[in-house]
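Colleague: Here it is: the structure, laid out below.
The values are calculated or read from the model by the stated rules, or taken from the named source; none is laboratory data. Quick caveat, the model's predicted, so the values are computed rather than measured. Every residue, glycine among them, receives a Cβ derived from its backbone with ideal geometry; neighbour counts consider all protein chains shown. We work out accessible area using only protein heavy atoms, side chains counted, and drop any ligands, DNA or RNA first. Shrake-Rupley method; radii C 1.70, N 1.55, O 1.52, S 1.80 Å.
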Amino acid sequence: MPGRISSCIRPRHSPIRAFAFDGRSLPFLLATGHEPGCRPGTLRIIRLQALVVGGKTTYVRRGGCERPAPGSPCTLQPTAHVLASDLAPIRLDVRDRNGNGGPVSSCMRTVLDSPESVGRELDRMYYKKPSELRGLRRSTAGARWSNYGDPGRRFGSASSNYLLWNLPRSRSGVLPGGGIVEAVLTQGDPVRICHVPGLSLPSFDVRGTPNGVVRFDYARVSNAREAIYGWLMRGYKYLRNPFRFTLVAGRSSRAGAR
């Protein structure tokens, strides 16, 4: 996905609250710091879309490694929905979606998001080989498939999954700028699987040896005001272990789910 998908935006105050797509507050606050490519005191906000969450306009704050001060150790910050009212004005640019996230007419089968079913072995599954990391100033930790399985577990009791505009890898190789988050989903959120061919993508160990496969489906998710489409992890197979699903059968009883 080329172009400037995010901007450095100054919040009206700090820290600010974080939300999921279903409107629930997430159990952490988002603070400003020294983010890569941003001035101090700003947050990286994805400019591809505004969503109404819990009756209020929100944007997706792009998380990652943030430093409280230049040269200080990295502090992980989560990706989450933030209120437009907590931020300075933002100018969207939907052209940078590059055709991703388009609606699909046939999305009938309903399942439930289940990031809590992710095992620790997903931390040993990488979407990049060491040879594909050469020349990049970052560790292999940023190339784990677990960043898209249950990224919320790194921030306490906040199991979550991501609906993605695009994936960090395709069948043909690594995609520059891939894995862009469209929405943050939580445990038990209803998901409709679309009649679109899914993607089975390889995983590697820290030395680049193949060690499994990760499966993504194209899905429709909705809340009380929005219906959106994107890629969602269905599950994975590590070495000779059985396939582990991160989407499960069932019906949500959560109020407002549809």
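Colleague: For residue 66, only one of the following conditions fails: (1) open to solvent by 20 Å² or more (accessible area, probe 1.4 Å); (2) in contact with a Cys (Cβ under 8 Å, 6 or more places away or on another chain). What is its number?
Modeller: Among (1) open to solvent by 20 Å² or more (accessible area, probe 1.4 Å); (2) in contact with a Cys (Cβ under 8 Å, 6 or more places away or on another chain), residue 66 violates only (1).
Colleague: Something else about it: Exactly one of (1) surrounded by fewer than 18 Cβ atoms within 10 Å (Cβ to Cβ); (2) of a type in the set (Ser, Thr, Tyr); (3) within 26 Å of residue 96 (Cα to Cα) is unmet by residue 72. Its number?
Modeller: The single condition residue 72 does not satisfy is (3).
Colleague: To continue, here is another question. Report whether or not residue 48 is in contact with a helix residue (DSSP H, G or I) (Cβ under 8 Å, 6 or more places away or on another chain), under 19 Å from residue 180 (Cα atoms), modelled with pLDDT of 90 or more and open to solvent by less than 40 Å² (accessible area, probe 1.4 Å).
Modeller: Considered against the rule, which asks whether it is in contact with a helix residue (DSSP H, G or I) (Cβ under 8 Å, 6 or more places away or on another chain), under 19 Å from residue 180 (Cα atoms), modelled with pLDDT of 90 or more and open to solvent by less than 40 Å² (accessible area, probe 1.4 Å), residue 48 comes out as yes.
Colleague: Taking region 38-78 on its own, how many of its residues are over 15 Å from residue 9 (Cβ atoms), of a type in the set (Val, Ile, Thr) and in contact (Cβ under 8 Å) with a residue 60 or more places away in the chain?
Modeller: Going through region 38-78 one residue at a time, the tally reaches 2.
Colleague: Further question: Assess whether residue 204 counts as being of a type in the set (Phe, Trp, Tyr), more than 20 Å from residue 18 (Cα to Cα) and open to solvent by 50 Å² or more (accessible area, probe 1.4 Å).
Modeller: No.
Colleague: Within region 218-243, can you find the residues that are surrounded by fewer than 22 Cβ atoms within 10 Å (Cβ to Cβ) and among the aliphatic types (A, V, I, L, M)?
Modeller: Across region 218-243, the qualifying residues are 224, 227, 228, 239.
Colleague: Go through region 75-107 and give me each residue that's open to solvent by 60 Å² or more (accessible area, probe 1.4 Å) and within 19 Å of residue 19 (Cβ to Cβ).
Modeller: Passing the criteria: 76, 85, 92.
Colleague: Determine, yes or no, whether residue 7 is in a loop (DSSP other than H, G, I, E, B) and not charged (D, E, K, R).
Modeller: Considered against the rule, which asks whether it is in a loop (DSSP other than H, G, I, E, B) and not charged (D, E, K, R), residue 7 comes out as no.
Colleague: Which of the residues that make up region 136-171 are at pLDDT 85 or above, part of a helix (DSSP H, G or I) and not hydroxyl-bearing (Ser, Thr, Tyr)?
Modeller: Answer for region 136-171, where residues must be at pLDDT 85 or above, part of a helix (DSSP H, G or I) and not hydroxyl-bearing (Ser, Thr, Tyr): 143, 145, 147.
Colleague: Among (1) modelled with pLDDT of 95 or more; (2) under 15 Å from residue 114 (Cα atoms); (3) surrounded by 15 or more Cβ atoms within 10 Å (Cβ to Cβ), which single condition is residue 211 missing?
Modeller: If we test residue 211 against (1) modelled with pLDDT of 95 or more; (2) under 15 Å from residue 114 (Cα atoms); (3) surrounded by 15 or more Cβ atoms within 10 Å (Cβ to Cβ), just (2) comes out false.
Colleague: Sticking with this one: Name every residue in region 183-194 that is touching a Lys or Arg at 6+ places or on another chain (Cβ under 9 Å) and either loosely packed, with under 15 Cβ neighbours inside 10 Å or in a strand (DSSP E or B) (or both), in order of residue number.
Modeller: Selection gives 186, 190, 191, 192, 193.
Colleague: With the requirement that a residue be assigned to a loop (DSSP other than H, G, I, E, B), over 19 Å from the mean Cα position of the chain (by Cα) and not aliphatic (A, V, I, L, M), what does region 55-70 give you?
Modeller: Within region 55-70, 55, 68, 70 meet the criteria.
Colleague: Still on this model: So which residues in region 106-135 are at pLDDT below 90 and polar (S, T, N, Q)?
Modeller: Of everything in region 106-135, just one residue is at pLDDT below 90 and polar (S, T, N, Q), namely 131.
Here is a yes/no grid of residues against (1) farther than 15 Å from residue 146 by Cα; (2) modelled with pLDDT of 95 or more:
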{"position": "218", "(1), (2)": "yes, yes"}
{"position": "227", "(1), (2)": "yes, yes"}
{"position": "236", "(1), (2)": "no, yes"}
{"position": "254", "(1), (2)": "yes, no"}
{"position": "257", "(1), (2)": "yes, no"}
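Colleague: Okay, next question. Which of the numbered conditions does residue 215 fail, given that it passes all the others? Conditions: (1) in contact with a Lys or Arg (Cβ under 6 Å, 6 or more places away or on another chain); (2) assigned to a loop (DSSP other than H, G, I, E, B).
Modeller: Just one mismatch for residue 215, condition (2).
Colleague: Name the single residue, out of those in region 15-32 being part of a loop (DSSP other than H, G, I, E, B) and open to solvent by less than 20 Å² (accessible area, probe 1.4 Å), that is farthest from residue 79 (Cα to Cα).
Modeller: Across region 15-32, the extreme among qualifying residues is 21.
Colleague: If you go through region 24-43, how many residues are more than 19 Å from residue 154 (Cα to Cα) and at pLDDT 90 or above?
Modeller: Counting residues in region 24-43 that are more than 19 Å from residue 154 (Cα to Cα) and at pLDDT 90 or above gives 2.
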